[in-house]
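The values are calculated or read from the model by the stated rules, or taken from the named source; none is laboratory data. These numbers were taken from a predicted model, which means no experiment stands behind them. Backbone-built Cβ (ideal geometry, glycine too); neighbour counts: all protein chains shown.
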Amino acid sequence: TCTARPLPGSTLLLFTDGLVERRDQDIDTGLDDLAEQAARLATAPLEELCDTLISRSRQVFDDDVALLALRIPSDGPAR
């Protein structure tokens, strides 16, 4: 079991492997690309963040894709 307390303003992304896995590239490359793109969009509204991450490849997905984003409010302490 791992317990972590996110900092105010943090964004948590949960996603299926279909978002990062491609037949023609290593999964680590897909994870790195996703992390870079997510970091650039860290302050974007969540809808924009999710839409951009899902459409970033402009490819047809080989697998199902699910993405959930949760942002910890920055106007109060994390609970």
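How many of the residues in region 10-38 are among the polar types (S, T, N, Q) and over 17 Å from Ser55 (Cβ atoms)? Number of matching residues: 4.
All conditions in (1) among the hydroxyl-bearing types (Ser, Thr, Tyr); (2) within 11 Å of the chain's Cα centre (by Cα); (3) in a loop (DSSP other than H, G, I, E, B) hold for Thr52, with the sole exception of (3). Residues in region 26-59 that are modelled with pLDDT under 85 and at negative phi: Arg56, Ser57, Gln59.
Looking only at region 1-16, residues that are loosely packed, with under 13 Cβ neighbours inside 10 Å and either touching a residue at least 40 places away in the same chain (Cβ under 8 Å) or touching a helix residue (DSSP H, G or I) at 6+ places or on another chain (Cβ under 8 Å) (or both) come to 5 in all. For region 19-59, filtered to residues that are among the small types (Gly, Ala, Ser) and farther than 22 Å from Pro73 by Cα, the residue that is surrounded by the most Cβ atoms within 10 Å (Cβ to Cβ) is Gly30. Of everything listed in (1) part of a helix (DSSP H, G or I); (2) within 10 Å of the chain's Cα centre (by Cα), the single unmet condition for Leu13 is (1).
Of all residues in region 20-46, those that are under 16 Å from Asp62 (Cα atoms) have Cβ atoms under 8 Å from Cβ atoms of residues that are among the hydrophobic types (A, V, I, L, M, F, W, C) and in a helix (DSSP H, G or I), 6 or more apart or on another chain, in Val20/Ile27; Val20/Leu31; Val20/Leu34; Glu21/Ile27; Gly30/Leu19.
Of the residues making up region 26-38, one or more are closer than 19 Å to Leu70 by Cα, part of a helix (DSSP H, G or I) and polar (S, T, N, Q).
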